[in-house]
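> Quick one: this structure, given as structure tokens, is what I'll be asking you about.
The values are calculated or read from the model by the stated rules, or taken from the named source; none is laboratory data. Not measured: the values here are computed from a predicted model. We place every Cβ from the backbone using ideal geometry, glycine too, and count neighbours over all the protein chains shown.
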């Protein structure tokens, strides 16, 4: 998705906002694209990093409704705020929780594979205990070294990915709390 496509879609989704606020938001995202291009990223990379314009618009509109409810405590604004909060919870349960749990499952599977690669050299030592078991001892030694090395590199990478995922999850939870509180 290019910058113009991203901005055009976001603009159409935010049409219920006041013009000044909508234009400020669009200018902010346009500036984000320009800064990213200056730092050497492509427009597609920037759009992927920002996420879906639809999700961004939903969050902005929910925030706007909460702000309206805080500034004008009418029944209509309160109803819209409650609906926005319920929609945010629904969105999180349906669209965020499922992929998040799947990602956790994949991480657990990768950790298990890494552990298996780290433990596999112990099984490759079996031919050294029984002298007649194998004529390919040299291959077994190199296979054990390769397995242990691959398992170690995989574990290091997984630790970094897990730390990143943890930080991103906390940021998303804080974002949701700020959105619900109207800050």
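> Please name all residue pairs, on different chains or six or more residues apart, with Cβ atoms under 8 Å, provided the first residue is in segment 45-57 and is crowded, with 18+ Cβ neighbours inside 10 Å and the second residue is not in a helix (DSSP H, G or I).
Short answer, once both residue conditions are applied: 47/1; 47/2; 57/14.
> Right, here's the next one. Given the conditions (1) farther than 30 Å from residue 141 by Cβ; (2) exposed (fewer than 12 other Cβ atoms within 10 Å of the Cβ); (3) modelled with pLDDT of 90 or more, which single one is not true for residue 90?
That leaves (3) as the condition not met.
> Tell me yes or no: at least one residue of segment 158-178 is more than 30 Å from residue 55 (Cβ to Cβ) and modelled with pLDDT of 95 or more.
If we filter segment 158-178 for residues that are more than 30 Å from residue 55 (Cβ to Cβ), which is where we start, we get none.
Checked segment 158-178: no residue is more than 30 Å from residue 55 (Cβ to Cβ) and modelled with pLDDT of 95 or more.
> Right, another one. Looking at segment 2-25, can you tell me whether even one residue there is in contact (Cβ under 8 Å) with a residue 60 or more places away in the chain, in contact with a helix residue (DSSP H, G or I) (Cβ under 7 Å, 6 or more places away or on another chain) and either within 25 Å of residue 89 (Cβ to Cβ) or surrounded by 11 or more Cβ atoms within 10 Å (Cβ to Cβ) (or both)? Walk me through it before giving the result.
Initial filter on segment 2-25 (in contact (Cβ under 8 Å) with a residue 60 or more places away in the chain): none.
Checked segment 2-25: no residue is in contact (Cβ under 8 Å) with a residue 60 or more places away in the chain, in contact with a helix residue (DSSP H, G or I) (Cβ under 7 Å, 6 or more places away or on another chain) and either within 25 Å of residue 89 (Cβ to Cβ) or surrounded by 11 or more Cβ atoms within 10 Å (Cβ to Cβ) (or both).
> Being at pLDDT below 80, assigned to a helix (DSSP H, G or I) and more than 21 Å from the chain's Cα centre (by Cα) is the requirement here; does residue 35 meet it?
Considered against the rule, which asks whether it is at pLDDT below 80, assigned to a helix (DSSP H, G or I) and more than 21 Å from the chain's Cα centre (by Cα), residue 35 comes out as no.
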